[in-house]
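Here's the structure we're looking at; comments come further down.
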Amino acid sequence: MRKMRGHGWRRADCCLHLEAACLPATRTNRTVMPAKAGMTLAIGSASNSPTPWTFVRQNRRVHTLPSAPMTHWQGLEIISRGANRICVRDPGDPTLCLKFELPPAERTRVGPRQTLRRWLARVLPSLGENATELRAYRRLRTRLGDGMAGRLATCHDLSVRTQGTALRCDCVLREDGSVAQSLYHHLFVDPRYPAVALCAAVDSFESWLLQNDIPLFDLNAGNFVVLEQPDRTLRLVCVDAKSVLSGKEILPFSRWSTRLMRRKIERRAERLRMRIRAALDPAGSLQ
Ligand SMILES: Nc1ncnc2c1ncn2[C@@H]1O[C@H](COP(=O)(O)OP(=O)(O)OP(=O)(O)O)[C@@H](O)[C@H]1O
Ligand SMILES: [Mg+2]
């Protein structure tokens, strides 16, 4: 057990990330959702427990979740969900996935600026996550061509389905055909790689961003999936390119100045490495 940084949740038997959780959109779940995606929640009972999961905060039970994570959403097989979208397999093609923007009530709570952005996106769909990610991907594709291979999941188009409009992307798959898990999953749900190997994968991704001057700043663990390479090293594939075009700053200096952009990429990559070490090697990360 240990205290989680920045909030009062403690790690109990297992941890859950919004992007891995696939929680049903009930009022109960919204009540316990944290303010930010990527925040770790403590769960008081094991994931295979027949009893409902209970959140524990400073030894007080605060809420209960259903015991089984959802596997399907509107009849589609869920891969994972982020703060804004749910990612499902394309029923017509297992090599593809579909990302649907969630209705407001099912998204995580955010600050006023992002709330405003979400509201604008409802009025102007071209500002939504899917349209923004597709634009960002296409812009990079035009600039880098095959130089993007293996670094960013391919985005194809916006596809109208009965469930809504989805962003159709290549699903990042492992050698055995299973869906690659997010870095978040490898940190908090099923850790199987050492921090040093994952940090080396971050180094490599960071070098690629710097070499190509790519302003991809949202280097959070839910935006990457992890692939094992034939030589046993790990590679990160980014599955969310929207931060190339959309950021949280009011005055985006780091997009106007290459020097500031590089410094920001370095800071964000270092923060990600620190999070990896803190999750997998807490003793080492304090030295
Ligand atoms: N192309 C893909 N291949 C495999 N898995 C994917 C792919 N795209 C997304 N995922 C899975 O879905 C999760 C959420 O995806 P994504 O980051 O696009 O959602 P989001 O709503 O933008 O999240 P956030 O706003 O929190 O960044 C990822 O962590 C990953 O597990
Ligand atoms: Mg994302």
Fill in: Set of the stretch 96-133 residues, backbone N closer than 11 Å to the point 7 Å along the Cα-Cβ line of GLN163
97-102
Item to complete: Treat every Asp and Glu Cβ in the stretch 72-285 as -1 and every Lys and Arg Cβ as +1, leave all other atoms uncharged, and give the resulting dipole magnitude about the Cα centre to the nearest 20 debye.
Response: 1020 debye
Practice prompt. Indicate the gyration tensor shape class of the stretch 161-268 (rounded, prolate or oblate), computed on the Cα atoms with a ≥ b ≥ c the square roots of the eigenvalues: a/c under 1.5 is rounded; otherwise a/b larger than b/c is prolate and the rest oblate.
Written response: oblate
Discussion item. With the crude spin-label approximation of a point 7 Å out along Cα→Cβ, what separation in nm comes out for ASP231 versus ARG141?
Written reply: 2.9 nm
Response to the item:
Rounded to whole Å², per residue accessible area for the stretch 72-285 with a 1.4 Å probe reads 50 Å²
Worksheet item: Given a Förster distance of 35 angstrom, what is the FRET efficiency for ARG174 paired with PHE253, based on the Cβ-Cβ distance and rounded to 0.05?
Response: 0.35
Fill in: Additional length obtainable on full extension of the chain from ALA149 to ARG117, 0.36 nm per residue less Cα span
8.4 nm
Worksheet item: Around LEU152, which amide H atoms from residues at least 5 apart in sequence, or from another chain, sit under 5 Å from its own amide H, with H modelled in the peptide plane?
Response: CYS238
Discussion item. What's the ranking of 264-275, 104-115 by average number of surrounding C-beta atoms within 10 Å, highest first?
Written reply: 264-275, 104-115
Response to the item:
For THR162 the rounded accessible area (nearest 10 Å², probe 1.4 Å, non-protein molecules ignored) is 140 Å²
Discussion item. Bins of 10 Å, beginning at zero and ending with the bin holding the largest distance: percent of Cα pairs per bin for the stretch 72-285, please.
Written reply: 8, 33, 38, 19, 2
Discussion item. For LEU102, what residues show an amide H to amide H distance below 5 Å, using hydrogens built from the backbone and excluding near sequence neighbours?
Written reply: ARG85, ILE86
Discussion item. Could you work out how much longer the chain between ASP190 and GLN74 gets when fully extended? Use 0.36 nm per residue separation minus the Cα distance between them, nm to one decimal.
Written reply: 39.1 nm
Response to the item:
Carbon plus sulfur, as percent of the 1.4 Å-probe accessible area of the stretch 219-287, comes to 54 percent
Worksheet item: Taking amide H positions as placed 1.01 Å from N in the peptide plane, with prolines and chain starts having none, which residues 5 or more places from THR165, or on another chain, fall under 5 Å of its amide H?
Response: none
Discussion item. How big is the dipole moment of the stretch 172-228 about its Cα centre under a simple scheme where the beta carbon of each Lys and Arg is +1, that of each Asp and Glu is -1, and everything else is neutral? Debye, nearest 20, please.
Written reply: 120 debye
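The values are calculated or read from the model by the stated rules, or taken from the named source; none is laboratory data. The structure displayed is predicted, hence computed values, not measured ones. With ideal geometry, Cβ positions are generated from the backbone for all residues, glycine too; neighbour counts draw on all protein chains shown. Keep in mind that these areas ignore ligands, DNA and RNA; they rest on the heavy atoms of the full protein, side chains included. Shrake-Rupley method; radii C 1.70, N 1.55, O 1.52, S 1.80 Å.
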